[in-house]
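Single-structure report; data block below.
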Amino acid sequence: MIATAPTAQNPDQIAQAAQAAAEKAAVASLSPPPPPAPENKPLIDISNLDYNTIVHAAEQYGIPTVKALLIFLAAIIISSWASRTIRKALLRTKFDITLSKFLANAARWGILIFALLAILSVFGIQTASFAVVIGAMGLAIGLAFQGTLSNFASGIMLLVFRPFKVGDVVNAAGVFGKVDEIELFFTTIDTLDNRRLIVPNTKLFGDTIENFTYHTKRRADINVGVAYGADIDETRRALERAVQRVEKRLKDDDHMVWLDSFGDSAINWQVRVWVPTADWAPARQEVIQRIKESLDDAKITIPFPQRDVYLFRPGKGG
């Protein structure tokens, strides 16, 4: 075998190769290591769960949740039953229907609030601390719910001063209808064409309330005009006969046939008759019918507005 001697290299080439190797090593030391390959692990590793862990989780989360649901369902059932029972019991004793509905609703909400506190205690939330927090945040809550609290206060005032009750026909806050129920925060009113209106208590209590059914009797005022050529005394007698023929009038209360004013085309009269409040609308129609029949029998004309127009032909001396 013949050994060959290594080939001599240029010192400059050796220095350049050493410098290039040093730069590569420096770059390799500064670059971050490649990220590890992702492992396919499950979101919840149940392989390490034991019996004690499962029991502890059930006791800590499952049982309180079941208790809270049972309390909530029981509160819904009991509150509805208590509300119906209280309302029926009070109505059987001839208690005021307005207060009966109010107390029934108050009992229902009281049971629901008590159930909410019980649910909070099931989850370990101290209800006593809530009183401190609510006390500290009282001003903020009052400002945030000033409209709701105002409605609640107005509802209490409506129940205390009793400007109307359930069943009355009222005109208030631009609403006309029959009062169905006075709630804690609003009042429900049914219109004569059977529309349900929900009116906040603040608007009702802060506005003029006109109660049409507060008294047991009302007066029906009928305006009627007769021709200028009709005899005054004969017209009065005819209107008196019309009043006497009204069956629904209150005979113990004095009626009035009033000569009112001079109109453009007629002499205006007014007939005033007292009738029961419950029969006011049909009684008023009966009064109008009797007046028309009595005037027709007496040959007294009810005129309609008319205007006489005179035409002049222009001429000499015209």
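Put simply, the amide H of LYS165, placed in the peptide plane, has no neighbours under 5 Å, leaving out anything fewer than 5 places away on its chain.
Using the Cβ-Cβ distance between TYR214 and ARG307 with R0 set to 45 Å, the FRET efficiency works out to roughly 0.50.
Calculate the FRET efficiency for ARG236 and PHE152 from the Cβ-Cβ distance with a Förster distance of 41 Å, rounded to the nearest 0.05. Walk me through the numbers on the way to the answer.
On the way: r = 56 Å, r/R0 = 1.37.
Rounded to the nearest 0.05, the efficiency is 0.15.
Shown in residue order for region 232-241 are the 3J(HN,Hα) couplings computed by the Karplus curve 6.51 cos²θ - 1.76 cosθ + 1.60 at θ = phi - 60°: 5, 5, 5, 5, 4, 5, 5, 5, 5, 5 Hz (x for Gly and Pro).
In this simple spin-label model, placing a label point 7 Å from the Cα along the Cα-to-Cβ direction at both GLN289 and LEU120 gives a separation of 6.4 nm.
When each of the peptides 178-186, 72-80 is scored by how many other beta carbons lie within 10 Å of its residues on average, the order from highest to lowest is 178-186, 72-80.
When the solvent-accessible surface of protein heavy atoms is calculated with a 1.4 angstrom probe, in what order do TRP109, TRP274, TRP81 fall, highest first?
On the way: TRP109 125, TRP274 80, TRP81 150 Å².
In descending accessible area the options line up as TRP81, TRP109, TRP274.
The values are calculated or read from the model by the stated rules, or taken from the named source; none is laboratory data. Since this is a predicted model, take the numbers as computed values, not measurements. Neighbour counts run over all protein chains shown; Cβ positions are idealised from the backbone, glycine included. Ligands, DNA and RNA are stripped out before the accessible areas are found, and what is left, the full protein with its side chains, is counted by its heavy atoms. Shrake-Rupley method; radii C 1.70, N 1.55, O 1.52, S 1.80 Å.
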